[in-house]
Every structure is written in structure tokens, then in C-alpha cells.
Amino acid sequence: MLEQFPKLAEVVSTLDAQLKEKHPAFFGEAATHPVSHLKPYKVIHDHLWGTTRFSWRELILIDSPILQRLRYIHQTGLAYYVYPCARHSRFEHSLGVLTVASRIFDSLQQNSASDLYALLESIDPNTDTQEDLAALRQELRLAALLHDVGHSIHSHASERVYSEIGLLRSASEELTRLAGRKKGVGEVLSFCYALTPSVAELLNRAEAKLDPTRKEEFRGKINLRNVALMIIGRARHPYLQFLGDIVSSAFDADKLDYLLRDAGAAGLPLKYDLERYLYTVYLGQEILTDGQSYLEELYRAAGTVPERKQPIPPQEFPYYDGYRLRLPKLAMSTMEQIIICKLMLFSYIYHHQKVLSAEGLLVKLLREKVEFWRAEGEDDKDLLKRFMSMTDSALDGSDFLGSASALIAQYSYRIQNRLLPRVVFTIGNFSTHADGDLVRKFLESLQDKKSKDDQTKSRRDEVIEAFESRIGEEILKINPSIAASPKEALLVAGVWFDVPVPPTIDGLNDVLGKSPSGVTVGKMFPIERWIEAYQAHRYFVRVFAFSEHYETVYRAARVAIEVIIGARSKEFFDVATKS
Amino acid sequence: MTQQLTLGGFIKQLAVLMQDADIKMSFKDDKPWHMLFYKLRGEFKSQGNTFLQSMQFDWDGPYPKSQDVSDFLQGLHWTGSVSALNPTYERIIVPDEVQKVWKAEGESLGDADRDLLLHGLAIARLEFRSSIAA
């Protein structure tokens with residue numbers, strides 16, 4: 001499938017080589033796992049979803065280092081420094097997503113049974129629909145289980161750093177082309193893990209260890225290529241697009257699990273009505289346009305040749321008929337609950353200033369470490385292997401806390417002991433004061449994040465760099481002995497300008513489908529107002545610094561604000577320092 | 001041909017031109033925005049070094065969508081640079097004071113950027129023709 005995508009193929013082979021080298025008992029040429037006979041299934045209890053049955057294919061992956069590593073990666077990064085109980089891991093989240101994805105599939109089978117059987121027969125008139133459904137269900141569950149296996153130390157914080165590795169950036173561009181949809185580096189890694197020979201070989205060995213007298217659970221053929229496609233929100237045929245939607249879309253199983261899991265672990269009383277979601281979810285017949293032939297190439301690579309229809313005006317692009325995961329007007333209250341949950345989680349947890357402080361410090365630390373490794377001659381593949389073997393406990397080890405670099409050791413010590421930077425300035429959408437227009441213009445420039453190409457910085461990155469550089473220069477003017485350069489001064493004083501990514505609800509209008517009267521349900525749903533209310537009043541950019549350098553950084557950043565934003569009023573600085 | 005405009009800069013300057021030309025800018029229905037950029041990219045992809053070369057479109061539904069365009073429009077909205085008209089949020093307008101600032105920013109644009117903007121405006125006349133109910 002990856003003949004036209006050399007960078008993705010390179011990532012697959014790198015991950016495969018690492019698995020074989022690091023875990024020979026599981027993935028090597030003389031692998032011994034699974035050692036004993038396998039039960040066809042087991043049950044695992046989860047505090048959110050109760051008792052779930054896992055098949056032998058799922059169990060062999062759960063019991064392998066690919067999934068076990070996730071036990072040691074916190075789902076919400078360093079949020080436990082604010083919410084002490086938020087210590088849940090990517091591991092239980094992955095099991096939870098499998099459970100929810102499976103329940104959505106079962107609900108679709110119940111709610112849209114006729115459509116489901118008809119579309120399977122349309123794909124292949126000679127098919128055994130029962131066998132097909134069982135295979136699809138198993139592939140979907142594996143995709144859900146594997147969707148996060150590409151995470152590294154403290155989840156999304158490290159993703160920001162390894163996303164800068166050239167090989168992964170190029171692979172992400174290839175995956176965007178393959179999927180016909182923008183894809184990030186996190187999805188690249190999970191997609192590539194699913195395609196490693198190591199995973200296929202482990203599953204084959206497991207099959208050979210099954211007790212032949214036990215007939216429970218599906219034993220028919222599955223295709224890991226289909227699993228990989230579902231991880232990136234696609235499927236091998238447009239009629240099966242709803243499977244990709246279950247794993248990766250606006251209201252996917254991932255979101256349905258993490259909203260309740262993160263809120264519950266943090267102790268926040270946020271809820272939504274999953275039963276109503278499941279009661280109402282259906283298969284919506286819609287078109288998938290394909291103006292750039294990406295989907296045509298995708299389906300060909302996946303081994304299917306669905307009918308690609310030519311446009312009939314007013315339609316402008318060739319298209320495929322497809323089936324999508326859809327919700328009716330009846331589910332609107334559930335959608336509202338889910339969106340409120342998401343916005344509140346951003347406000348309470350992900351964008352909490354102390355969480356941003358801890359994660360920003362970790363990002364600076366990891367960037368320093370990457371520079372250190374590069375200086376020692378490591379290339380992109382080496383760095384990829386580094387990140388894919390790290391868990392949260394790496395901070396305690398010789399690469400970080402015990403590093404020969406004083407700065408890396410110091411930053412690691414600070415994170416481990418919650419000696420976190422404090423907020424020096426908070427800048428938000430303060431539209432009422434005298435400098436409101438200047439602030440608006442500044443915040444506006446931070447939204448312009450599209451760069452022309454790999455070699456050019458975006459407007460947003462230029463502004464951030466200029467702002468930080470100015471602070472560094474001013475620190476040196478105030479205290480010339482602190483460091484030899486502005487960049488070093490920023491590192492010593494623990495300074496950065498933090499610009500969080502605001503929450504978005506992509507594809508809302510699409511997911512809600514159409515009401516019986518033909519009106520798009522999204523038109524009746526004031527979601528834009530909610531998002532605006534959130535972003536206008538709860539979204540801030542901030543300057544952080546170590547407490548012991550607060551006074552110096554305050555003076556330096558004040559000059560940077562006056563020069564770059566142009567804000568000078570007392571009212572502005574009163575509000576910006578209030579927090 | 002060298003263009004200086006970023007995607008965001010282009011949207012801002014185009015919004016000014018559209019408002020001056022009395023073209024109603026839809027907000028909730030974002031199809032005209034995406035179609036405009038898809039068509040503009042088709043025309044200019046091989047010309048000059050612009051943000052258009054690296055634009056990517058999602059093929060997930062009835063028309064191509066650029067996440068970068070969606071994000072920037074949303075950003076303009078919540079920073080208060082554009083106003084969405086209540087109660088339906090169907091249309092956005094650029095307030096007078098913002099329009100004045102954006103116009104001033106556009107005064108230094110070169111010929112290549114102006115050419116690109118005029119092409120954008122021509123496409124906008126067609127794409128935004130019927131997106132908002134009267």
C-alpha cells in the first residue's frame with residue numbers, strides 16, 4: 001500500500017526494526033510469545049464502561065510491549081500537577097476507545113441493519129455478510145485499540161517536539177495525501193505501527209496457539225491494512241467510511257472516551273448521555289467528493305475499485321457514494337453536552353495556566369534534548385526510536401535528571417519537583433480598554449499559522465520568535481551576566497511566550513446530518529456562539545518565567561509588549577498582570 | 001512574480017475588497033470560502049511563490065475544505081476582528097475601525113499580491129452569490 005509513500009514506508013521499517021531489536025521475545029526472528037495456549041477471550045473491568053470482553057487478537061496486542069508502554073504515559077500529560085487524581089494513562093483510554101467504538105458499531109448494526117447488510121452485498125454480491133460483519137467489527141476494535149500507540153512521554157506535550165522531526169513531517173504530508181485529509185504526526189505513528197510486520201507476525205503466532213476446540217470469538221481473516229486505514233479515519237471502500245468516522249471524526253469513540261475519562265479523573269462533574277447517542281446514531285448516505293483523485297488512489301491501494309461517479313451539475317467534482325456516521329436532531333441535546341464537556345475540559349484542564357506552565361517547560365526541555373542528541377550525531381530515525389521508547393519515567397533517568405548537561409538536568413529536576421514557571425503577563429481579548437485594538441491586532445497575527453513552505457516561517461511563528469527574542473535581548477540589558485546570548489538568557493530564566501491552540505469542533509454541521517425537513521441541523525444549533533464565548537473570554541496567551549527571575553522578566557517583557565504590541569496603557573498592564 | 005501575502009493577510013485584504021464591493025460574506029456556510037481558495041489555488045498553483053502552493057484540502061464531504069482557512073476565519077471571529085450578525089450567525093462583517101487598519105496594511109502590497117487579490121475577488125463574486133438567504 002505504501003509504494004508511492006517512501007517516507008511512510010521508512011517510518012514503518014524503522015518502527016519494525018526497533019520492535020524486533022528491543023523486544024526479541026515478542027517480535028524477533030525467534031520470538032517465543034505467546035508462550036502458552038490462548039483463551040479465545042477474557043474480560044477486563046473499567047471504571048467508566050464496566051466489564052468488556054476482549055478477543056484473543058486484542059489480548060495478544062494488549063499483552064505486548066506496544067500497548068504495555070502506554071501504561072506509563074499519562075493521558076493528560078502533566079495535568080496531575082493541578083488535578084492530583086488525573087493520573088490515568090493512555091493504556092486504559094485505549095481499552096475504553098475499543099469499548100466505545102464497539103458499542104457504536106453494535107448500535108449501527110441494530111439501528112441501520114438493512115442499510116448495513118445492503119451495503120455489504122453491494123460491495124461484494126457473493127459475500128458472507130455475517131462473516132464480513134464479524135471481520136469489520138474486529139478490524140474496527142483493533143483500530144480503536146491501536147489508535148494511540150504512537151504516543152510518547154507525557155502525551156501531547158512531546159508530540160509537539162517529535163512533530164518537528166523532518167522524517168515525520170514528510171511522512172505526515174504523505175499521509176495527508178494518502179488519506180485526502182490533513183493528518184498529524186501522532187496519526188502517522190499509530191498508522192505505521194499497525195502496518196509493521198511485527199504486529200502481523202504476532203497475530204499469526206497467536207492464532208496458532210488458540211485452542212482448536214473453543215469456538216468463541218471470531219477466527220476468520222482480518223486485514224491490518226484496513227485497521228491502519230480506520231486509524232486515520234478512512235476505510236477500504238466509501239460504503240465503509242462510517243468505520244473510519246467511528247475512530248477519527250468530530251464525534252468519534254476517542255472523544256467519547258476521553259471526555260468522561262479526563263473529567264472523571266480530574267474530579268470534574270461533566271457528563272453526556274452516551275445511551276442517547278447510541279440509540280440515535282445511524283448510517284447516513286452521503287457523497288465523498290474527490291476532486292484531486294486522492295480517494296481514488298486510496299481505494300486502489302486498499303485493493304477495491306468502487307464506482308467513481310462523474311459530477312452532474314451543480315455538483316462540481318467526481319464523487320463516491322458513501323455511508324457516514326451520523327446523528328439526527330433527536331441527538332442534539334447529547335451533542336450540546338459533548339461540546340460543553342470539551343470546552344470545559346479545555347478551560348479547566350488542558351488550558352489551565354499551571355498545566356500549560358508544566359507542559360511548556362517540558363517542551364523546552366525536550367527541544368534541548370533533541371539538540372543534544374543531534375549534536376551527538378543522531379539522525380531522524382534515531383530520534384524517532386528515542387521517542388517511541390520513552391515513557392513518562394524517562395525524566396528520572398540518565399538522559400534527563402542524570403544528564404551531563406546542567407540545563408537539561410535542572411529542567412528535569414524542576415518538572416519532577418513541580419518548580420514550575422509562573423505567569424508574568426496574561427494577554428487576552430480585552431476589548432474594553434484603551435489598547436484593545438492593538439491587542440486584537442496582535443492576537444489576530446497569532447492566528448495566521450499557515451507558512452508558505454517548509455523553509456518559511458508562518459506569521460504566527462515570526463511574531464512569537466520576535467517577541468521572545470526581544471525579551472531575551474532586554475533580559476541581557478538588565479542583567480548582562482545572566483547569559484551569553486538572548487537565546488541562552490531565555491533558557492536560563494525559563495522564559496517562553498505561550499500560545500495555546502484553541503479548541504475547535506470540526507465537522508459539527510456534517511455530523512449532525514439533516515433533519516426530516518431537509519434543514520441542516522447545524523443551522524439551528526448556536527455552537528459558533530458557544531465557541532466564540534469560550535475563546536473570547538477564556539483564551540489567553542502568556543509569558544512564563546522561573547519565579548527567581550520574575551522581576552527581570554517582567555521588565556524585559558514589558559518592553560517587548562510596548563515595542564511589538566504597542567500597548568502602553570496602565571489599564572492594559574493592570575489587567576495583564578492581574579492573574 | 002513574488003507575493004508577500006500570507007493566507008491570513010490575503011483573507012483580510014480580500015474581506016475588505018468584498019465588503020467594499022458589497023459582497024455578503026457568509027460565516028456559518030463556509031462552502032464559498034473553501035471553494036474560493038480551491039479555485040484560486042488551481043489557477044495560481046504554478047505561478048510564483050505563494051501560500052497557495054502548500055494549501056491542502058480535505059476531501060471528506062460535498063466540497064473540498066481547508067482547515068487552515070476554517071481556523072483563520074474562526075480566529076478572526078473570536079479576536080473581534082470580524083462580527084457575526086445575530087441571531088443566525090450567517091453573515092460576517094468587518095467593522096469600520098478594523099477595515100481602516102486592514103486597508104492601511106494593504107497599501108504596501110506589490111503588483112503580484114494585488115493581482116492575486118483581484119482574482120480572488122472575481123471568484124468571490126461567483127462563489128458568494130447565493131450563499132446567504134436574503
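A count restricted to region A:252-285 and to residues that are surrounded by 21 or more Cβ atoms within 10 Å (Cβ to Cβ) and either within 14 Å of another protein chain (Cβ to nearest Cβ) or acidic (Asp, Glu) (or both) stands at 5. When region B:29-60 is examined, which residues are found to be modelled with pLDDT under 90, in contact with a strand residue (DSSP E or B) (Cβ under 8 Å, 6 or more places away or on another chain) and crowded, with 19+ Cβ neighbours inside 10 Å? Answer for region B:29-60, where residues must be modelled with pLDDT under 90, in contact with a strand residue (DSSP E or B) (Cβ under 8 Å, 6 or more places away or on another chain) and crowded, with 19+ Cβ neighbours inside 10 Å: just B:ASP60.
Taking region A:53-131 and the helices (runs of 4 or more DSSP H) fully enclosed by it, the elements with 1 or more residues that are farther than 27 Å from A:HIS156 by Cα, touching a residue at least 40 places away in the same chain (Cβ under 8 Å) and not charged (D, E, K, R) are at A:56-62, A:90-111, A:113-123. Just to be sure, is A:GLU216 at pLDDT below 95 and over 17 Å from B:ASP58 (Cα atoms)? Yes, satisfied. Can you name the residue in region A:459-487 that is closer than 30 Å to B:PHE72 by Cα, surrounded by fewer than 19 Cβ atoms within 10 Å (Cβ to Cβ) and small (Gly, Ala, Ser) and is also farthest from the other protein chains (Cβ to nearest Cβ) among such residues? Checking each candidate, the answer is A:SER469. Which one is surrounded by the fewest Cβ atoms within 10 Å (Cβ to Cβ) among residues in region A:8-38 that are in contact with a Phe, Trp or Tyr (Cβ under 6 Å, 6 or more places away or on another chain) and outside any helix (DSSP H, G or I)? Of everything passing the filter in region A:8-38, A:HIS33 is surrounded by the fewest Cβ atoms within 10 Å (Cβ to Cβ). Is one or more of the residues making up region A:361-376 closer than 25 Å to B:THR6 by Cβ and more than 14 Å from every other protein chain (Cβ to nearest Cβ)? Checked against the condition, which is being closer than 25 Å to B:THR6 by Cβ and more than 14 Å from every other protein chain (Cβ to nearest Cβ), region A:361-376 yields at least one hit.
For region A:441-458, indicate whether the set of residues that are within 14 Å of chain B (Cβ to nearest Cβ) and more than 26 Å from the chain's Cα centre (by Cα) is non-empty. Yes: region A:441-458 contains one or more residues that are within 14 Å of chain B (Cβ to nearest Cβ) and more than 26 Å from the chain's Cα centre (by Cα). Residues satisfying the criterion are present in region A:498-507 (criterion: away from chain B (no Cβ under 11 Å), modelled with pLDDT of 85 or more, touching a helix residue (DSSP H, G or I) at 6+ places or on another chain (Cβ under 7 Å) and not in a loop (DSSP other than H, G, I, E, B)).
Filtering region A:144-182 to residues that are of a type in the set (S, T, N, Q) and under 11 Å from the mean Cα position of the chain (by Cα) leaves only A:SER155. When the test is whether a residue is buried (at least 17 other Cβ atoms within 10 Å of the Cβ), touching a residue at least 12 places away in the same chain (Cβ under 8 Å), out of contact with any helix residue (DSSP H, G or I) (no Cβ under 7 Å at 6 or more places or on another chain) and in a helix (DSSP H, G or I), A:LEU356 passes it. Of all residues in region B:24-57, those satisfying the criterion of being assigned to a loop (DSSP other than H, G, I, E, B) and either in contact with a helix residue (DSSP H, G or I) (Cβ under 8 Å, 6 or more places away or on another chain) or closer than 27 Å to B:ILE93 by Cα (or both) are B:LYS24, B:PHE27, B:LYS28, B:ASP29, B:ASP30, B:LYS45, B:GLY48, B:THR50, B:MET55, B:GLN56, B:PHE57.
Among the residues of region B:28-49, those identified as closer than 22 Å to A:LYS449 by Cβ and either over 16 Å from the mean Cα position of the chain (by Cα) or at the interface with chain A (Cβ under 7 Å from one of its Cβ atoms) (or both) are B:LYS45, B:GLY48, B:ASN49. Name every residue in region A:297-327 that is more than 10 Å from chain B (Cβ to nearest Cβ), in a helix (DSSP H, G or I) and closer than 25 Å to A:ASP252 by Cβ, in order of residue number. Of everything in region A:297-327, those that are more than 10 Å from chain B (Cβ to nearest Cβ), in a helix (DSSP H, G or I) and closer than 25 Å to A:ASP252 by Cβ turn out to be A:GLU297, A:TYR299, A:ALA301. If B:ILE92 satisfies all but one of (1) buried (at least 22 other Cβ atoms within 10 Å of the Cβ); (2) more than 7 Å from chain A (Cβ to nearest Cβ); (3) at pLDDT below 90, what's the number of the condition it fails? Condition (1) is where B:ILE92 drops out. Taking region A:345-375 as the range and being closer than 21 Å to A:VAL423 by Cβ and of a type in the set (A, V, I, L, M, F, W, C) as the test, the residues that pass are A:LEU345, A:PHE346, A:ILE349, A:VAL355, A:LEU356, A:ALA358, A:LEU361, A:LEU362, A:VAL363, A:LEU365. Please verify whether A:LYS329 is without any contact (Cβ under 8 Å) to a residue 40 or more places away in the chain, more than 20 Å from A:THR176 (Cα to Cα) and of a type outside the set (Val, Ile, Thr), treating the condition exactly as stated. Criteria not met by A:LYS329.
Among B:TRP59, B:TRP78, which is closer than 26 Å to A:GLN292 by Cβ, without any contact (Cβ under 8 Å) to a residue 24 or more places away in the chain, hydrophobic (A, V, I, L, M, F, W, C) and within 13 Å of chain A (Cβ to nearest Cβ)? So the residue among B:TRP59, B:TRP78 that is closer than 26 Å to A:GLN292 by Cβ, without any contact (Cβ under 8 Å) to a residue 24 or more places away in the chain, hydrophobic (A, V, I, L, M, F, W, C) and within 13 Å of chain A (Cβ to nearest Cβ) is B:TRP59. Annotation note: Cβ proximity below 7 Å between a residue of region A:525-537 that is at the interface with chain B (Cβ under 7 Å from one of its Cβ atoms) and a residue that is in a helix (DSSP H, G or I) and at pLDDT 70 or above (sequence gap 6+ or interchain) occurs for A:GLU532/B:HIS77; A:GLU532/B:TRP78; A:GLN535/B:TRP78; A:ALA536/B:TRP78.
Among residues of region A:208-222 that are acidic (Asp, Glu), those with a beta-carbon under 6 Å from a residue that is modelled with pLDDT of 85 or more and assigned to a loop (DSSP other than H, G, I, E, B) at least six positions away or on a different chain give the pairs A:ASP211/A:HIS37; A:GLU216/A:PRO40; A:GLU217/A:PRO40. Residue-level analysis places A:ILE338 among those that are surrounded by 20 or more Cβ atoms within 10 Å (Cβ to Cβ), of a type in the set (Val, Ile, Thr) and within 23 Å of A:LEU140 (Cα to Cα). Here is a check on your reading of the model: is B:LEU109 surrounded by fewer than 20 Cβ atoms within 10 Å (Cβ to Cβ) and more than 10 Å from chain A (Cβ to nearest Cβ)? Considered against the rule, which asks whether it is surrounded by fewer than 20 Cβ atoms within 10 Å (Cβ to Cβ) and more than 10 Å from chain A (Cβ to nearest Cβ), B:LEU109 comes out as yes.
The values are calculated or read from the model by the stated rules, or taken from the named source; none is laboratory data. Values in this document were obtained by computation on a predicted structure and should not be read as measured data. Note: ideal-geometry Cβ built from the backbone for every residue, glycine included; neighbour counts use all protein chains shown.
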